[in-house]
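Okay, so here's the structure we're looking at.
The values are calculated or read from the model by the stated rules, or taken from the named source; none is laboratory data. Nothing here was measured: the structure is a model prediction, and the numbers come from that model. Cβ coordinates were reconstructed from backbone atoms using ideal geometry, including for glycine residues, and neighbour counts include every protein chain displayed.
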Amino acid sequence: MPPAPFSFLPAHPARFTLGALLALALSAVAAGADGDAAAKAARVHLVSPRLSAYIAAKLPRYDPARAGGAARLPADAAHPGVMRLPDYIVREPRLPDETEILTEHGRDLAAMNKYLGPSDGLDRGYLNAITLGDLWRKIPVLKMIPFIPFGSVSQEARARALYDEAEMREKLDDRRDIESLAARAQKKSAKPAPAH
């Protein structure tokens, strides 16, 4: 006689369920005991309590009155309990900015993302996805000729031009600000002191 399907299941499902619950409870108790042993192992100190008390007795106690530097500075009037640190000057080279770190291709990609929008956007993704300049450069024989048909400009060149224009505008604004500050300083120094 062939074995019945699912013959590994017991004939009495209630006994099977009770046995499964008992096994689950025993495994949970065993896991809890393992957790207690792991917690006790974590609490083991490398230095005995007697030795740590001896070391702590020999170390000097912290006294804010004897501490140097920030403890002797006046407290901040706006925030009582906050001590002011001494002023200092950092004499380290500044971190390079994005334009100094990136390669030329990386700068072109950053400029295209900033000034022309994302690569799947309207300008770069649909309207100007393929330009005559790009096609001209992909043909091996034609890319050797330094001529681009119909004055077509690549996306990289457009982005570079916009980036250069923005940089020039920013430098001009900085120069105007410096000149206006110098003019104000000259006016203040040229005014005669009021006579009493």
Scope region 168-195; condition closer than 28 Å to G125 by Cβ and modelled with pLDDT under 90; matching residues: none
Every residue from region 108-125 that is touching a residue at least 40 places away in the same chain (Cβ under 8 Å) and either exposed (fewer than 12 other Cβ atoms within 10 Å of the Cβ) or of a type outside the set (G, A, S) (or both): D108, M112, K114, Y115, L116
Region 75-127: number of residues that are over 28 Å from the mean Cα position of the chain (by Cα) and of a type in the set (A, V, I, L, M, F, W, C): 7
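Quick one: is D87 among the acidic types (D, E) and farther than 30 Å from A166 by Cβ? It would help to see each step written out before you state the result.
On the way: among the acidic types (D, E): yes; farther than 30 Å from A166 by Cβ: yes.
Yes: the conditions hold for D87.
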Members of region 126-165 that are loosely packed, with under 13 Cβ neighbours inside 10 Å and under 30 Å from D97 (Cβ atoms): D164, E165
